[in-house]
């Protein structure tokens, strides 16, 4: 093929100029970077309205086989804002702090209140922080939790990541909240975000995640108990792995739930447009995992009834407690908004009716068997 | 319809899926977006029908050739110049958006000049390529990238991060009076096929636009617009969605592939759509270049000189404008001017169709 002269020259110039551009590549070498794996945010001790930011930096080592423990460096600094503190921390190390691999943001329990949005803003606005980072509350302080190096932690892994996201641990006690989800639910009217709460033991060698915090922008956060967390997470949000202990007089049954489905609808009294009750249906399938007595397969119906009764009580207790605190972790308010056409003051109407809302709960437990022994 | 027409249509849809389009739709999310989107969809199909029908009588002829044959110079020149400007802006709008995205999310430390040059040099080369090769390139990129792009988009539909409650919430605003801005933005998703005003010279067969074609165009458009409007809402929430600058970047960053090659989808997504956007800019600018070239056909000069001088002139203008404007434009300007530009599209379309009616009548008589 014969190319015209000008095209040839154009191609030559193009190739040469692309070589010039190559040297302008802006990436820094990997040994000039420090990878931040988690961030902890506490209220500042010496500054009013400030934050204390602690970074967990993964330190590189030659070969994974040679090191028996993962090694981290911790950097902390107080500042007026999170961004400012991180800016200053950059001057404390010889390398670039790389936040692109940061996957856990731990926030002190006390900060999970009204000004949450103002400091979480930094994380959303920065382009390099992943929106699928996990956010968690911490007790007693975020810094303590961050510095825990559990004995089960393997080299080249971070224990804090494994709890969430259902890639490793899949316990029904562990709520996972992503950064984008937190933002979405903080901003949405009609739902309260729920964050996991990370605690540690006295010796600081274990991380314990079995509670959750319901965040509201007006009041202090409400910490859910372990049992409530389990109910919220598995029955209302569909997490798997729920086991449930049913007690009836001297019979104890441990039920392993394999499948749970929830749906609900608003019930309106005739003539009214606003609902006054919520009717919830739970469909639960499972097997009996443990019993303190001999149980009979033919009695499954009876066990179903016992289990339903207990679960019903617990769910109702959870829902009414949330209602009394004016919290809505399930998102009833959001559902209210989507079931009618938008108009001015629709959400105010919901806020008015929610405290008096009644809950009717139907639990339908269908036990499949008694495990491998009767 | 030739398969290339579908490719042209789709490349514009895919590029605008994550460029300025969604943000403009969200700015009216509580103000009549839904009805306007539906109206826009029907108008988009109508636009494509009108275009194909008006070109039916002239297989193998591009718009400049048709105009030269049937209308006088004082109509032809301003019309072609104006259309060239529109096409240049259409490509330009995508270019700025993607340069901005690249700088913000992929290579934040790279100089803006380097990024612009990277784009502009390659695009300029493809401007002077033969139209036929541009179409082949289009087909190639489609075969390579499009299946993957579709895979990721469909994957998002089934991602657990997607909360359909917010989508329904967005739909509760259906009773608002429609907004013209949203209507024209939706229509813009469909203008890809208009590139055939130049590429028609390569499509020798008589094209048909019947019910089947209309349904295909409609469903492609519906899928695109539905995806670009509702998916970010489902992932990022409805309240406050209008304050997000690049809804699709944040959306793809919120998607997690638990056991995927990489957990963070955003990088794959950006690179995929960058390829499609690149293609889209090339197509629009190629059309703009051809339109301008047909105007500046200095007939007294010899063929060689005429070709290269017009080529050089157009490229220089394209480059300078690209550099100056990209450096100057802020996020807000981009948003504002894109709005004006989109609002212009239906008017330009009506003007063009009136002209085509006139030409068709003359051709028949």
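The values are calculated or read from the model by the stated rules, or taken from the named source; none is laboratory data. These numbers were taken from a predicted model, which means no experiment stands behind them. All Cβ positions, even for glycine, are placed from backbone atoms using ideal geometry, and neighbour counts span all protein chains on display.
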**Residue check for residue B:260: at negative phi and modelled with pLDDT of 85 or more** = no
**Asked** Which ones in the stretch B:315-335 are within 17 Å of residue B:123 (Cα to Cα) and away from chain A (no Cβ under 14 Å)?
**Response** B:317, B:318, B:320, B:321, B:322, B:323, B:324, B:325, B:326
**Item:** Matching entry among A:336, A:282, A:318 (being within 14 Å of chain B (Cβ to nearest Cβ), closer than 25 Å to residue A:233 by Cβ and not in a loop (DSSP other than H, G, I, E, B))
**Value:** A:336
**Fill in**
Note on the stretch B:79-134: residues within 16 Å of the chain's Cα centre (by Cα) and within 14 Å of chain A (Cβ to nearest Cβ) are B:123
**Asked** Which residues, counting only those in the stretch A:109-127, are in contact with a helix residue (DSSP H, G or I) (Cβ under 9 Å, 6 or more places away or on another chain) and more than 18 Å from residue B:245 (Cβ to Cβ)?
**Response** A:109, A:111, A:116, A:119
**Prompt:** In the stretch B:69-81, is there at least one residue being within 29 Å of residue B:219 (Cα to Cα), modelled with pLDDT of 90 or more and part of a helix (DSSP H, G or I)?
**Reply:** no
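Yes/no per residue for (1) more than 26 Å from residue A:190 (Cβ to Cβ); (2) away from every other protein chain (no Cβ under 13 Å); (3) free of Cβ contacts under 8 Å to residues at least 12 places away in the same chain:
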{"position": "B:208", "(1), (2), (3)": "yes, yes, no"}
{"position": "B:213", "(1), (2), (3)": "yes, yes, no"}
{"position": "B:235", "(1), (2), (3)": "no, no, no"}
{"position": "B:240", "(1), (2), (3)": "no, no, yes"}
{"position": "B:243", "(1), (2), (3)": "no, no, yes"}
{"position": "B:249", "(1), (2), (3)": "yes, no, no"}
**Message:** Regarding the stretch B:137-153, can at least one residue be identified that is under 22 Å from the mean Cα position of the chain (by Cα), within 14 Å of chain A (Cβ to nearest Cβ) and surrounded by fewer than 20 Cβ atoms within 10 Å (Cβ to Cβ)?
**Reply:** no
**Prompt:** Just one of B:159, B:170 is touching a strand residue (DSSP E or B) at 6+ places or on another chain (Cβ under 8 Å), at pLDDT 85 or above and within 14 Å of chain A (Cβ to nearest Cβ); which is it?
**Reply:** B:159
**Item:** Of the criteria (1) at pLDDT 90 or above; (2) under 29 Å from residue B:60 (Cβ atoms); (3) within 10 Å of chain A (Cβ to nearest Cβ), which one residue B:188 fails
**Value:** (3)
**Complete:** When every residue in the stretch A:93-121 that is over 13 Å from residue A:182 (Cβ atoms), more than 14 Å from chain B (Cβ to nearest Cβ) and out of contact with any strand residue (DSSP E or B) (no Cβ under 7 Å at 6 or more places or on another chain) is compared, the one surrounded by the fewest Cβ atoms within 10 Å (Cβ to Cβ) is A:94
**Asked** Is one or more of the residues making up the stretch B:319-331 closer than 23 Å to residue B:129 by Cβ, modelled with pLDDT under 80 and either touching a strand residue (DSSP E or B) at 6+ places or on another chain (Cβ under 9 Å) or not in a loop (DSSP other than H, G, I, E, B) (or both)?
**Response** no
